[in-house]
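This report concerns only the one structure given below.
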2 protein chains.
Amino acid sequence: MKTLTVDLGERSYPIHIGHGILPLLPEKLAECGIGSPTPLLVITDSAVAPHYLKPVEELLRGAGYPVTTSVIPSGEASKSLEMLDELVKVALEAGLDRKSVIIALGGGVVGDLAGFVAASYMRGIRFVQVPTTILAHDSSVGGKVAVNHKLAKNIIGAFHQPEMVFYALEMLRTLPPREVRSGLAEVAKHGLIWDAAFVEWCESNADKLLALDPEALEYALYTGCSVKAQVVGQDERENGLRAILNLGHTIGHALEAVSRYELLHGEAISIGMVGSAKLAVRFGRDPVIYETTKRLLRKLELPVAVPSHIDTSEVMRTMMYDKKFKDGRTVFVLPEAIGRVEIVRDVPVAWVEEVVEELKREA
Amino acid sequence: MKTLTVDLGERSYPIHIGHGILPLLPEKLAECGIGSPTPLLVITDSAVAPHYLKPVEELLRGAGYPVTTSVIPSGEASKSLEMLDELVKVALEAGLDRKSVIIALGGGVVGDLAGFVAASYMRGIRFVQVPTTILAHDSSVGGKVAVNHKLAKNIIGAFHQPEMVFYALEMLRTLPPREVRSGLAEVAKHGLIWDAAFVEWCESNADKLLALDPEALEYALYTGCSVKAQVVGQDERENGLRAILNLGHTIGHALEAVSRYELLHGEAISIGMVGSAKLAVRFGRDPVIYETTKRLLRKLELPVAVPSHIDTSEVMRTMMYDKKFKDGRTVFVLPEAIGRVEIVRDVPVAWVEEVVEELKREA
Ligand SMILES: NC(=O)c1ccc[n+]([C@@H]2O[C@H](COP(=O)([O-])OP(=O)(O)OC[C@H]3O[C@@H](n4cnc5c(N)ncnc54)[C@H](O)[C@@H]3O)[C@@H](O)[C@H]2O)c1
Ligand SMILES: NC(=O)c1ccc[n+]([C@@H]2O[C@H](COP(=O)([O-])OP(=O)(O)OC[C@H]3O[C@@H](n4cnc5c(N)ncnc54)[C@H](O)[C@@H]3O)[C@@H](O)[C@H]2O)c1
Ligand SMILES: [Zn+2]
Ligand SMILES: [Zn+2]
């Protein structure tokens, strides 16, 4: 087991990562101030529950915690105010008070939703992230929690840091392959924005990662979490540096929405990162950035092209809803080199549109 | 105009109080870092809008602010997740971003709801309280914002401090008399927990307060806000001292709920404060506490008795839902003397029930 710290003064917390560590959960809870018999509410989803809810529940009950559980439907649609309402009902009926703790057992959907329940129930109670997807190495770290609005993703939320992230990698074994690949896109992103050597390592070890090789996976997720933790530690509330985590996300978010979420988050940002690399090259950066980015993502079996049925002008309209466009220009996070990004403030919207068009012919 | 400060380090903010100060709003916004042309969303309710929305809007537009407005239905039912959903839609359609500011123009309902919209929209944007009720001298200070759940009041919320409280007392002139009295209950509370001399002053000046005499009102609301600001300054997140603000609220909340909100908040806590005084006397405190409390509240034309049709056992059940009862005992904020309270941890539930019964025969 490896342990990292997200360094945020009195809101600091540990990230424990390892294979086969699930039995240590009660001990690690106690270490971060959540001793038994603190009442716990475990929130998970309908795809995770059949595999892991019972063992987790038994483990916690066995350690003396009173446990209530709630299973939400798997999928992005659960990140809603309706589900918040429902979970608050569960919390009230279970008698949760300000000292109780919520355990988010699942991927980014469960983490974001359960985190927002914790942020707002009684104006904020503690919570713990127990991620079960690869993507959640990203979403479980950093305290951004939210639900969606019909008109915009993640628009209703909070910054609410967990007490701990407990990442038992043995739970990744049941993850559908497509979700594995999608999650690896955020691993690649953490390399591309921060660590050129890690990008090289990922390329060389792509096969192992796709096969969920325990050692490779632990190293990759440890490194990914560590990049995220460093960025968040320097900019908790996204006033500056944290923006670099959005590499590939401007185009990616628009593609997700326009595809009606047929593209998974990681798939969409994979394409978005190729787009960012293309834009960087237009700004005179070394074409090797584009080649390396694309090669890495293809090795990870991620899409690098915009699906042909997607309408470029709809993508552009969706992007504009999300972002400020002023005098035909906008802000983008772009690679400066492999492992380093910059914020570019005057990207011509016409270039973005051309790049989206080119991405349709990418192969 | 008088100005107070809520002292919370980097989250400190001013409270401006005075008669006829509305025209100063733009200037005071600018002073606290909200310069024109910051986009503003003014949220108000259907009873306040006809009197004040247009003047406020014109004032702000005249000072160069882009202004969007939204009018919610007057009443407690608007403090809901549905209304949050609706206001987020308004904010999105108005193009509000992380630098925009919400103005809560109204009583506690508007302040609590608009404050929670500000706390959660894009994970938190700035907001300003422009209270228009007497009760809101309490609710607008301290950063507690929330909406209700079907099963519990104020259960979904945040601690989100405003950038400023701007209290233009000329807007109180249109307040219905029953709301005036209800608001004065919280003024009385601030005296009873903190300032014996102010209790005496309130008793002597009750007629003036009820008649909304400008000078008396300004003094009373300044003093009330100042008590609240001091308590909040010492305990922002209700880990200790802030609990004293709940004098009368345990019984009060239960009465509000059981009366199906026929009792206004201030009316219910008025009765609750008489109940607390009775409990204090049972614990051996000077009966003068009870007499003074009751005399003050009656002078303010507030109810001091539980309406006879209210069922005591329903009140007890509702209270138990809200509060921890252990071994037949519970925690209460009780007066120790006029102007001073204590937290009593072993109040017999049987005594509470007897007091609620006695309160039905109170005159
Ligand atoms: N808060 C943040 O900083 C942040 C960052 C990135 C993404 N996100 C959010 O994360 C969400 C995406 O996260 P995700 O990709 O983890 O999605 P997810 O939670 O929907 O999980 C993907 C799918 O895998 C299933 N699943 C999860 N764990 C499993 C397991 N161990 N075995 C079998 N099936 C399993 C889920 O039920 C779901 O069907 C999005 O809502 C996105 O907005 C948040
Ligand atoms: N956040 C806190 O710390 C805190 C503290 C106490 C109470 N509260 C909350 O405050 C709410 C009660 O506040 P309230 O008593 O101000 O209620 P309110 O906002 O409902 O106002 C009372 C009534 O007066 C009307 N009104 C408001 N201003 C007016 C004006 N100037 N002229 C004419 N009509 C006017 C309103 O439309 C409403 O009908 C409750 O929801 C309570 O939970 C919050
Ligand atoms: Zn992402
Ligand atoms: Zn109150």
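Brief remarks on what is shown
- Test result for A:Asp138, over 16 Å from A:Thr44 (Cα atoms), of a type in the set (D, E, K, R) and either facing chain B (nearest Cβ under 10 Å) or touching a Gly at 6+ places or on another chain (Cβ under 6 Å) (or both): no
- Pick from region B:44-92, criterion of a type in the set (Ser, Thr, Tyr) and under 20 Å from the mean Cα position of the chain (by Cα), ranking: farthest from ligand 4 (Cβ to nearest atom): B:Ser46
- Among (1) within 14 Å of ligand 2 (Cβ to nearest atom); (2) touching a residue at least 24 places away in the same chain (Cβ under 8 Å), the one test that B:Val258 misses: (1)
- Taken together, the criteria exclude A:Gly183 from residues that are in contact with a Phe, Trp or Tyr (Cβ under 7 Å, 6 or more places away or on another chain) and assigned to a helix (DSSP H, G or I).
- A:Met122 meets the conditions (1) touching a residue at least 24 places away in the same chain (Cβ under 8 Å); (2) away from chain B (no Cβ under 13 Å) in every case but one. The failed one is (2).
- Counting the residues of region A:87-112 that are touching a residue at least 12 places away in the same chain (Cβ under 8 Å) and either open to solvent by 10 Å² or more (accessible area, probe 1.4 Å) or not β-branched (Val, Ile, Thr) (or both) gives 18.
- Checking each residue in region A:141-164 for being part of a loop (DSSP other than H, G, I, E, B) and either open to solvent by 10 Å² or more (accessible area, probe 1.4 Å) or of a type in the set (Gly, Ala, Ser) (or both) picks out A:Gly142, A:Gly143, A:Lys150, A:Leu151, A:His160, A:Gln161, A:Glu163.
- Qualifying position, being within 14 Å of chain A (Cβ to nearest Cβ) and at pLDDT 95 or above, among B:Ile156, B:Ile193: B:Ile156
- Qualifying residues in region B:165-180 (those that are open to solvent by 10 Å² or more (accessible area, probe 1.4 Å) and assigned to a helix (DSSP H, G or I)) - the one farthest from ligand 1 (Cβ to nearest atom): B:Pro177
Every residue, every condition in (1) open to solvent by 20 Å² or more (accessible area, probe 1.4 Å); (2) within 30 Å of A:Lys208 (Cα to Cα); (3) among the aromatic types (Phe, Trp, Tyr), yes or no:
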| site | (1), (2), (3) |
| --- | --- |
| A:Ala257 | yes, no, no |
| A:Tyr261 | yes, yes, yes |
| A:Gly266 | no, yes, no |
| A:Val274 | no, yes, no |
| A:Glu301 | yes, yes, no |
| A:Val331 | yes, no, no |
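- Residue check, B:Lys299 under 15 Å from B:Ala185 (Cα atoms) and of a type in the set (Lys, Arg): yes
- Within region A:205-231, the set of residues being open to solvent by 60 Å² or more (accessible area, probe 1.4 Å) and either under 18 Å from the mean Cα position of the chain (by Cα) or at pLDDT below 95 (or both) comprises A:Tyr219, A:Tyr222, A:Gln230.
- Residues that are over 20 Å from B:Leu40 (Cα atoms) and in a helix (DSSP H, G or I) were ranked within region B:73-105; the one that is farthest from the other protein chains (Cβ to nearest Cβ) is B:Glu76.
- None of B:Thr293, B:Thr312 is farther than 15 Å from B:Gly248 by Cα and open to solvent by less than 40 Å² (accessible area, probe 1.4 Å) except B:Thr312.
The values are calculated or read from the model by the stated rules, or taken from the named source; none is laboratory data. Not measured: the values here are computed from a predicted model. Every residue, glycine among them, receives a Cβ derived from its backbone with ideal geometry; neighbour counts consider all protein chains shown. Side chains included, ligands, DNA and RNA excluded: accessible areas come from the protein's heavy atoms. Shrake-Rupley method; radii C 1.70, N 1.55, O 1.52, S 1.80 Å.
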